[in-house]
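This report concerns only the one structure given below.
The values are calculated or read from the model by the stated rules, or taken from the named source; none is laboratory data. The model shown is predicted, which means the values in this text are computed figures rather than measured ones. We place every Cβ from the backbone using ideal geometry, glycine too, and count neighbours over all the protein chains shown. In case anyone asks, the SASA skips ligands and DNA or RNA and just uses the protein heavy atoms, side chains included. Shrake-Rupley method; radii C 1.70, N 1.55, O 1.52, S 1.80 Å.
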Amino acid sequence: MSIQWELEQGDGIGLVHMSGFLGDEAVHRFAGAFDWIRARCAGPIVLDLAALRGWSNGGEGAIVHAAALLAPEQGPLAVCGLGERSAPLLLTSHGLGLIRLYPDIAAAVTAIAAS
């Protein structure tokens, strides 16, 4: 299984819903999708992982790499929907300010709107 994604835009925020499995073989597809999304979203981007079944180490690294590509006015990347998944790279990136982690879409959008 590979990844699927869908982009919604509203109130200056790009909301990306991901599903499937972000394995090593899907990293290039995710990178291309994220480049496409960045080209269409001038504001902040929220990456919703609630429907993602999981990822490999390379897949998790691809999310961190994508966050590093955001322009200053877009970042940090808001990531939500991790649930109970182990995400050491995302947690480290959160600590460095590259990614902001939220429990769900509502919390992410509320935090972005307040900033």
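Annotations for the structure displayed:
- Checked against the criterion of being open to solvent by 10 Å² or more (accessible area, probe 1.4 Å), at pLDDT below 95, small (Gly, Ala, Ser) and within 14 Å of the chain's Cα centre (by Cα), the candidates 32, 95, 75 yield just one match: 75.
- Residue within region 13-29 that is over 23 Å from residue 114 (Cβ atoms), open to solvent by 50 Å² or more (accessible area, probe 1.4 Å), β-branched (Val, Ile, Thr) and not in a strand (DSSP E or B) present: no
- Entirely in region 35-112, the strands (runs of 3 or more DSSP E) that have 1 or more residues that are of a type in the set (Val, Ile, Thr) and out of contact with any Gly (no Cβ under 9 Å at 6 or more places or on another chain): 77-80
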